[in-house]
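Data first, discussion second: the structure below is written as structure tokens.
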Amino acid sequence: MSTITEKDKAFVWHPFTHLKYAEKPINIVRSEGVYFIDDKENKIIDAIASWWVNLHGHCNPYISEKVAEQLSINEHSIFSGFTHPNAVILAERLLKHLPANLGKVFYSDNGSTAVEVALKMTLQYWNNKDATRTTFIAFENAYHGDTFGGMSVGERNVFNNAFSPLLFDVERIPLPTKENLDDILQQLERICGKGNCAGFVFEPLVQGAAGMLMYEASLLDKLIHHCRSHNVLIIADEVMTGFGRTGTFFASDQLNNKPDIICLSKGLTGGYMPLGVTACSNEIYQAFIQDDKTKTFFHGHSYTANPTACSAALASLDLMEEPVTFEHIARINKSHLQFESEINKHEACKDVRVCGTIIAIELSTSDRTHYLNNAAELISEYFIKRNILLRPLGNVLYVLPPYCITSAELDYIYQHIKQFLDAYLKR
Ligand SMILES: *Cc1c(COP(=O)(O)O)cnc(C)c1O
């Protein structure tokens, strides 16, 4: 057995991958800026920030250097009974950017655990206060990760079908529009009136995995306001929307009513290393300060607050704080809007939408819009042949690039999307 691809087939099980029909995986041997380089020396442009994580380009020299330095200082140390400078400074600096009502940072490993921690923290907050509030409110089509809590608050679909008997029930509400807002508020009144709602969890402004579904901050604000009037805790899953994706540092910056808990991961380390953050209000934290030892938050992971991952997050934050980064974000947004106006009348498009650095193009298909829509393979194949990584969500293709992408590189992607749309009509 010789090649990596052959050994891959022999030894490795890949995520979200059909074991019978999936194409052979592409073997990435290097990465640089917005490009992956495969074993045939193809330069593949990364239009989706490598699963929505990369912010400042691959092998960014600044972050790489900081991470390399950290590896000879303290690669990893236990985080219970011990601390280290990176975790503390990172918490302090994140809290400066997060809404002012948030006062504490709890670390974990990834987006799913950041959400899992938020759910457990919420339930135990009420438990510690001797209140029986055990129900969550969540949106239709939500995605909050692949752990059992994350799956439970997420939409029931092909992703979690096999586990559905074991997932806990939630109160499900539709994404708000101007038309259905009053209905949802009435629905919330009924739900909250039961008095058992612990928290309202949502992806603010953009539901990523659902197909980049976008909704207005002002509408979300009204829902939050209503939930809060019933003392329901507000949980923003900013795993995808954090760190500039929606045009502001956090999507929550566009809300008047700030969340009690914010979950972060993906862009947190600039796409370098796994790390999760669940930031909460001091009020939540206070509920855990008790003489009774059983009120302790018994949750943690072996790699909690890994110092090397924290060094990547600190370096990425340094770059986020450079004015040029938000100039890039504004430039990408402007290009997306321009491109949207060019193609939104195209016959192949059912809908084109933009939020911050994300543009999503929903193709008209005979089948309904969903993840297993057959257009997905067609789209992937078309673009990868042209050395563009554009992994669609069913019939929704989207561009969500690293912020260092140049305007010429964006145009290159747009041109190919236009050609694809024409070809798609003629097929
Ligand atoms: C990706 C994602 C998650 C899960 O994060 P992982 O790091 O993949 O576990 C949770 N919530 C949202 C909104 C996400 O986009």
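The values are calculated or read from the model by the stated rules, or taken from the named source; none is laboratory data. Owing to the predicted nature of the structure, the values given are computational and were not obtained by experimental measurement. Cβ placement follows ideal geometry from the backbone for every residue including glycine, while neighbour counts extend to all protein chains displayed. Calculation scope for accessible area: heavy atoms of the full protein, side chains included, ligands and nucleic acids excluded. Shrake-Rupley method; radii C 1.70, N 1.55, O 1.52, S 1.80 Å.
Within 12 Å, Cβ to Cβ, of Glu381, how many net charges do the neighbouring residues add up to if Lys/Arg are +1 and Asp/Glu are -1?
Numbers: positive: Lys385, Arg386, Arg391; negative: Glu23, Glu377.
Summing Lys and Arg as +1 and Asp and Glu as -1 gives +1.
How would Phe168, Phe420 rank on accessible area, largest to smallest, probe 1.4 Å? Intermediate values should be presented prior to the final figure.
Details: Phe168 80, Phe420 5 Å².
Result, largest first: Phe168, Phe420.
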Mind ordering 114-120, 151-157 by average Cβ neighbours within 10 Å, highest first? 114-120, 151-157
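To one decimal place, what orientation-averaged projected area in nm² is obtained for the convex hull of the Cα set of the range 1-64? Walk me through the numbers before you get to the answer.
On the way: hull surface 22.0 nm².
Answer in nm², one decimal: 5.5.
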So for each of 301-307, 203-209 I average, over its residues, the number of other beta carbons within 10 Å; can you give me the resulting order with the highest mean first? 203-209, 301-307
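Determine the alpha carbon to alpha carbon distance for each of Lys40/Lys66; Lys43/Lys104; Lys96/Lys418 and list only those over 32 Å.
Working: Lys40/Lys66 30 Å; Lys43/Lys104 42 Å; Lys96/Lys418 41 Å.
Beyond 32 Å: Lys43/Lys104; Lys96/Lys418.
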Read phi for every residue in the range 108-119 and hand back ³J(HN,Hα) as whole Hz from Karplus 6.51 cos²θ - 1.76 cosθ + 1.60, θ = phi - 60°, with x for Gly and Pro. 8, 9, 7, x, 4, 6, 4, 6, 4, 4, 4, 5
Karplus ³J(HN,Hα) for the range 332-337 (6.51 cos²θ - 1.76 cosθ + 1.60, θ = phi - 60°; Hz, whole; x = Gly/Pro) runs 4, 4, 5, 4, 4, 5
Helix-only mean residue ellipticity at 222 nm, the chain, DSSP H runs n ≥ 4 weighted -39,500 (n - 2.57), per residue, nearest 500. What is it? -11500 deg cm²/dmol
Residue-level accessible surface for Arg172, protein heavy atoms, 1.4 Å, Å²: 60 Å²
Might you work out the accessible area of Thr134 for me, using a 1.4 Å probe with all protein chains in place, and round it to the nearest 10 Å²? 100 Å²
Pop out the ³J(HN,Hα) list for the range 61-78 in order, Karplus 6.51 cos²θ - 1.76 cosθ + 1.60 with θ = phi - 60°, rounded to Hz; leave Gly and Pro as x. x, 5, 5, 4, 5, 4, 5, 4, 4, 4, 5, 9, 9, 7, 6, 7, 8, 4
Over all alpha-carbon pairs of the range 359-427, lay out the pair-distance distribution in 10 Å bins, whole %, shortest bin first. 20, 56, 21, 3
For the range 85-196, I need the span (max minus min coordinate) of the C-alpha atoms along each principal axis, in Å, sorted largest to smallest. 47, 34, 33
Rounded, prolate or oblate for the range 16-135? Axes are the square roots of the Cα gyration tensor eigenvalues, ordered a ≥ b ≥ c, and the cut-off for rounded is a/c under 1.5. oblate
What residues have an amide H closer than 5 Å to that of Ile173, excluding those fewer than 5 places away on the same chain, when H is modeled at 1.01 Å from N in the peptide plane? Ala138, Phe139, Glu140
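If a/c stays under 1.5 just call it rounded; otherwise compare a/b with b/c (prolate if a/b is bigger, oblate if not). Do that for the range 69-133, with a ≥ b ≥ c from the square roots of the Cα gyration tensor eigenvalues.
Details: a/c = 2.42, a/b = 1.80, b/c = 1.34.
Cα axes put the range 69-133 in the prolate bin.
Viscosity 0.692 mPa s, temperature 37 °C: Stokes-Einstein D of the range 192-274 from its Kirkwood Cα radius, in µm² per second?
Details: Rh = 13.3 Å.
Value of D from the Cα-based Kirkwood radius: 247 µm²/s.
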Taking the Cα centre of the range 23-88 as the origin, how large is its charge dipole in debye, to the nearest 20, when only Lys and Arg (+1) and Asp and Glu (-1) carry charge on their Cβ atoms? 80 debye
Highest average packing first - 282-294, 24-36, Cβ atoms within 10 Å: 24-36, 282-294
Where Rh denotes the Kirkwood radius from the mean inverse Cα pair distance, what is Rg over Rh for the range 149-191? 1.09
Could you sort Ser72, Ser229 by their accessible area in this structure, using a 1.4 Å probe and putting the largest first? Ser72, Ser229
Kirkwood hydrodynamic radius over Cα pairs of the chain, then Stokes diffusion coefficient at 10 °C and 1.306 mPa s, in µm²/s: 70 µm²/s
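Sort Lys258, Lys295 by accessible area with a 1.4 Å probe, largest first. Write out the running numbers ahead of the final one.
Numbers: Lys258 60, Lys295 30 Å².
Highest to lowest solvent-accessible surface, that is Lys258, Lys295.
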So what are the radius of gyration and Dmax for the Cα set of the range 286-427, in Å? 21.1, 71
Going by Cα centres, the range 34-111 and the range 141-209 are how many Å apart? 29 Å
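I need to check one value: relative contact order of the chain, counting alpha carbon pairs closer than 8 Å and at least 6 residues apart, in percent.
On the way: 771 pairs, mean separation 89.2, N = 427.
Over the chain, the number comes to 21 percent.
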